[in-house]
Amino acid sequence: MGASRSDGRVMGLAWALVLPSLSLSMLAAGCATGPAVSAPGLSLRKVVIYRNGVGYFERAGHIQSDRVQFRVRKDEIGDFLATLAVLERGGSSVRSASFPLDVKDDEASGPGPSPIPLPSPAPGPGPMAAGNAPKEPPSKLRTVVMSLDGKEHDLQVGYIAESPVWRPSYRLVIGKEGAQLQTWGIVQNLSGEDWNDVSLSLVAEAPLAFDASLATPVIPARPKVTDGGDVIAVVPHAETSMAEAAAPPPPPMAMAPAPMEPEVMEDVADKPTAREDRRRSANKKMSAPAPKGGAQARSMAMSIRDAGGAISGGLAAAEPAYGGRARNLSALAAVATQAGATRYDLPHPVSIPDKSATMVMLLDREIPGEAIALYAPDGGVPDSASHPFRVARYVNKTGGLLEKGPLAIFSEGAFVGQGMADPLPEGATATVPFALERAVGIDVSRETREEGARLFHIEGGALTIARDVVTLTKYRAKNGADRTMKLLLKHGRIGGARLYHPLAGTEDNVGTGSALVPSSLGPRATVDIAVDERQEITRQVEWLDPLAEDAVGGYLRDGRADAVLAAQLKEAWTIRGVLKADTDEQQKLSEEQEARRQANDETRANLKSLEKIASAGDLRSKLTARLAGDAAKLDKVSKRLIELGVRIRENQVRFNEAVRSLKLVQPLPPQ
């Protein structure tokens, strides 16, 4: 393909995709070792490595034959058949592809019919027609033959095969004004063949890829049908389909077209001169010498792409060398790309011998970064419960996703530590521990209480309020160093709770169950930091409960309150005020009545004990007068209680009627 942009993302390119049928043939075994897939005349042009154990491989070449043979490892034939896409320029097409089956010896003792003739045996080890080949040990390779209907073909084939995942490795150099991030990719070639001058791409994504055993024969069980006559035993149920607008007719001579860029959809035959000019221009750019020095290192950085196009800068992509119309399949679009995936494309060809690995630079960027302290207790580091980690904190400003990988950290011209970076999307901030900061000590304490009252639900005269369970976590940090330190506290969040008035700059990280709380420690200073979390609970209370008064009062003072409901509550609350005052007085008088009754009973008992003592006449007179006075007061209290009882019963009815029509379904969110 040369400078072609085709990289397995066939969706969007006007390829002639031709693989109309697969027919089966009994083919003989060949050599027992070799690459996953090989094809004489179709050299390997492009390799795309993913993070899920598969790679996309692309071969292309000019074939002067009526067939093409592929040597496929037995364990790879399922992936090959499930993902093989054939792209052809020139108008001819592939008629069929045949491949061998693994069957028992007694079932394959004689020659079977073959849908296509087999090629003549080549010198040396190679495929031979079934029935003519000598008996050999079971082979690890299988032969797939594509039958063509012409003599000359410009073919390009793409498929996936198992491949070791590529792995990133990072270098972060922290300076006074920021940081420098280098990203390297480690690629291993275990394919069984050398990769010579291939276009290499690395994708920071793991698209779905499964092991499809298409080469294994499957004969499912079938139901048996007996002749029972033509009597219809039931009345079939009719189905009705509503009318729909007719779909627009497809473009002429097109089958299952894929989304294509307008420029690519132009027919090659219509504008041959323009296409050739574009191709020559792209080839010229691809062959331009690379700049020297540090700029050359940065030019080795791959342009980062997602499924929609370029994210970061890079070399201009060339016009595809193949074109035409989609025939039957959409090629490898679903396997080779995935929306939003970050892709690294090497700007120059790469050679990786078989059974070897190479390390290529992907990025060399200036990004925001610094070294600070992070308190994040880890069970594997017992001292981290009392001391924070030293961490590298940096922002991904590379234009794409940074995959998980080891991070070597340098500062002030020296290596300071190593950490493991998690996957980091564009624009996100990473905080990677690399050492323990023993100059800072931290103590932690917690307290819990209930606080506040809010209207939560009112319906049918029943009142439900909401309260906050307040958990206050207090951190005391002491800096024993003679320099100012920037500190982050990794606070484990309580599920379902909210941060209440968090400190400025606090990062509440949804999905990780933690919050990063910032602070600054002066030299030899001690700082107290409090994190307030509140979790809402609800309970049903009586209207005369003090918590109900707090909840209604808060609602009436809230500017977000519903005006109609607030007016109804005010009216009901006027009645409640009278009812509450009467109820409180009733309770107070009831307590006084009980006390006076007890006092009268005691006075009567004393009088009875003095009635036969002649010398106690004066005391009896005093007690008698007290009893009469208390009886008068008791009568007054009893009368007032009767009056209050009548008023309370009346106001209770009025209040119940006032709150019966109140309804609050959607409470105000807590502030």
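The values are calculated or read from the model by the stated rules, or taken from the named source; none is laboratory data. Given the structure is predicted, the values throughout are model-derived calculations rather than measurements. Every residue, glycine as well, gets a Cβ built from its backbone with ideal geometry; the counts of neighbours run over all protein chains shown.
Summary table
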read-out	value
Unmet requirement for GLY314, which otherwise passes all of (1) modelled with pLDDT under 90; (2) more than 26 Å from GLY178 (Cα to Cα)	(2)
Top-ranked residue in the range 603-635 [being in a helix (DSSP H, G or I), exposed (fewer than 15 other Cβ atoms within 10 Å of the Cβ) and among the acidic types (Asp, Glu); ranked as modelled with the highest pLDDT]	ASP635
Number of positions in the range 530-539 that are hydrophobic (A, V, I, L, M, F, W, C) and surrounded by 15 or more Cβ atoms within 10 Å (Cβ to Cβ)	1
Test: VAL659 is touching a residue at least 40 places away in the same chain (Cβ under 8 Å), β-branched (Val, Ile, Thr) and surrounded by 11 or more Cβ atoms within 10 Å (Cβ to Cβ)	yes
Lone qualifier among ALA504, ALA566, ALA530 - being part of a strand (DSSP E or B) and free of Cβ contacts under 8 Å to residues at least 60 places away in the same chain	ALA530
Residue in the range 173-180 that is modelled with pLDDT under 90, loosely packed, with under 10 Cβ neighbours inside 10 Å and not assigned by TED's automatic domain parsing to the domain that holds ALA82 present	yes
Failed item, numbered, when LYS478 is tested on (1) at pLDDT below 95; (2) touching a Gly at 6+ places or on another chain (Cβ under 7 Å)	(1)
LEU641 vs. criteria closer than 24 Å to TRP543 by Cα, in contact (Cβ under 8 Å) with a residue 40 or more places away in the chain, outside any helix (DSSP H, G or I) and not hydroxyl-bearing (Ser, Thr, Tyr)	no
Index of the failed condition, PRO406 passing every other in (1) in a strand (DSSP E or B); (2) in contact with an Asp or Glu (Cβ under 7 Å, 6 or more places away or on another chain); (3) of a type outside the set (Asp, Glu)	(2)
Pairs, first at negative phi in the range 612-623, second in a helix (DSSP H, G or I) and hydroxyl-bearing (Ser, Thr, Tyr), C-beta under 6 Å, six or more apart	LEU623/THR603
Residue that is farthest from LEU627 (Cα to Cα) [pool: residues in the range 598-615 that are of a type in the set (A, V, I, L, M) and touching a helix residue (DSSP H, G or I) at 6+ places or on another chain (Cβ under 9 Å)]	ILE613
Output for the range 510-529, where each listed residue is under 27 Å from GLY452 (Cα atoms) and exposed (fewer than 14 other Cβ atoms within 10 Å of the Cβ)	VAL510, GLY513, ASP528
Search result, residues across the range 160-172 that are over 17 Å from ASN52 (Cα atoms) and either touching a helix residue (DSSP H, G or I) at 6+ places or on another chain (Cβ under 8 Å) or surrounded by 22 or more Cβ atoms within 10 Å (Cβ to Cβ) (or both)	TYR170, LEU172
Test result for ALA595, assigned to a helix (DSSP H, G or I) and more than 58 Å from the chain's Cα centre (by Cα)	yes
Candidates GLY405, GLY417, GLY496, filtered to the one that is surrounded by fewer than 14 Cβ atoms within 10 Å (Cβ to Cβ) and under 33 Å from the mean Cα position of the chain (by Cα)	GLY496
Extreme residue, modelled with the lowest pLDDT, among residues of the range 361-391 that are of a type in the set (A, V, I, L, M, F, W, C), closer than 20 Å to GLY492 by Cα and more than 24 Å from the chain's Cα centre (by Cα)	VAL381
VAL72 vs. criteria modelled with pLDDT of 50 or more, more than 12 Å from LEU141 (Cα to Cα) and of a type in the set (A, V, I, L, M)	no
GLU426 being loosely packed, with under 15 Cβ neighbours inside 10 Å and closer than 21 Å to PRO168 by Cα	no
So GLU585, is it in the same structural domain as VAL653 (by TED's automatic domain parsing) and exposed (fewer than 14 other Cβ atoms within 10 Å of the Cβ)	no
Subset of the range 499-525 that is of a type in the set (A, V, I, L, M, F, W, C) and under 20 Å from the mean Cα position of the chain (by Cα) - its residue that is nearest to HIS387 (Cα to Cα)	ALA515
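Each row is one residue, and each column tells you yes or no for (1) in a loop (DSSP other than H, G, I, E, B); (2) in contact with an Asp or Glu (Cβ under 9 Å, 6 or more places away or on another chain); (3) under 30 Å from LEU565 (Cβ atoms).
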| site | (1), (2), (3) |
| --- | --- |
| GLY427 | yes, no, no |
| ARG438 | yes, yes, no |
| ARG446 | no, no, no |
| GLU450 | no, yes, yes |
| ASP468 | no, yes, yes |
| LYS474 | no, yes, no |
| HIS491 | no, yes, no |
| GLY511 | yes, no, no |
| VAL517 | no, yes, no |
